[in-house]
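Student: What follows is a structure written as structure tokens; I'll ask about it next.
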Amino acid sequence: MAELREAHLRYLLAIYELGKSTPDVGIQAVARALSCSKASVTNMMANLMELSLLVRERYGKIYLTDTGFLLAKELFRCVEVIRERLPAMGFELTEEEATALAYTMVVNLPEHSRKRLAGRE
């Protein structure tokens, strides 16, 4: 698989989280979640489909492939681990700030570090 960029990982996480509350994720929901345009989401969806991480059904519904789902699940687990550890590091953050920081850290970690953090190494 090609090297995934930070943007790929952010989109996967957003789709994964949206999919936890609704089985039918649409482009507009992803755009809202990431505060970006529908055109940006459409472009990224094409990239993620080329990487076999996503499928897009008729009427614009988006679903993660098995590979995409497992990767997003691993990323989300890393976010949870970092969120749990932030208070011990002395950070005084709101829930939103802690989540944003955890996401930023996770999507910027090298793959081998993410695997270790998720307990796969």
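The values are calculated or read from the model by the stated rules, or taken from the named source; none is laboratory data. All values reported here derive from a predicted model rather than from experimental measurement. With ideal geometry, Cβ positions are generated from the backbone for all residues, glycine too; neighbour counts draw on all protein chains shown. Heavy atoms of the whole protein, side chains included, go into the accessibility calculation; ligands, DNA and RNA do not. Shrake-Rupley method; radii C 1.70, N 1.55, O 1.52, S 1.80 Å.
Student: Any residue at all in region 83-96 that is touching a residue at least 24 places away in the same chain (Cβ under 8 Å), in contact with a helix residue (DSSP H, G or I) (Cβ under 8 Å, 6 or more places away or on another chain) and not hydroxyl-bearing (S, T, Y)?
Tutor: No: zero hits.
Student: Another question about this same structure. Any residue in region 102-111 that is open to solvent by less than 60 Å² (accessible area, probe 1.4 Å) and charged (D, E, K, R)?
Tutor: no
Student: Another question about this same structure. Those residues that are in a helix (DSSP H, G or I), hydroxyl-bearing (S, T, Y) and loosely packed, with under 13 Cβ neighbours inside 10 Å, I need them from region 13-50; list them, please.
Tutor: S21
Student: Sticking with this structure for a sec: Mind listing just one residue for me: the one in region 52-78 that is assigned to a loop (DSSP other than H, G, I, E, B) and surrounded by fewer than 17 Cβ atoms within 10 Å (Cβ to Cβ) and, of those, modelled with the lowest pLDDT?
Tutor: E57
Student: Would you point out the residue of region 17-65, among those that are free of Cβ contacts under 8 Å to residues at least 12 places away in the same chain and touching a strand residue (DSSP E or B) at 6+ places or on another chain (Cβ under 6 Å), that is nearest to R5 (Cα to Cα)?
Tutor: V55
Student: Hey, another quick one. Which condition number does F91 fail, the rest of (1) modelled with pLDDT of 90 or more; (2) surrounded by fewer than 17 Cβ atoms within 10 Å (Cβ to Cβ) being met?
Tutor: (1)
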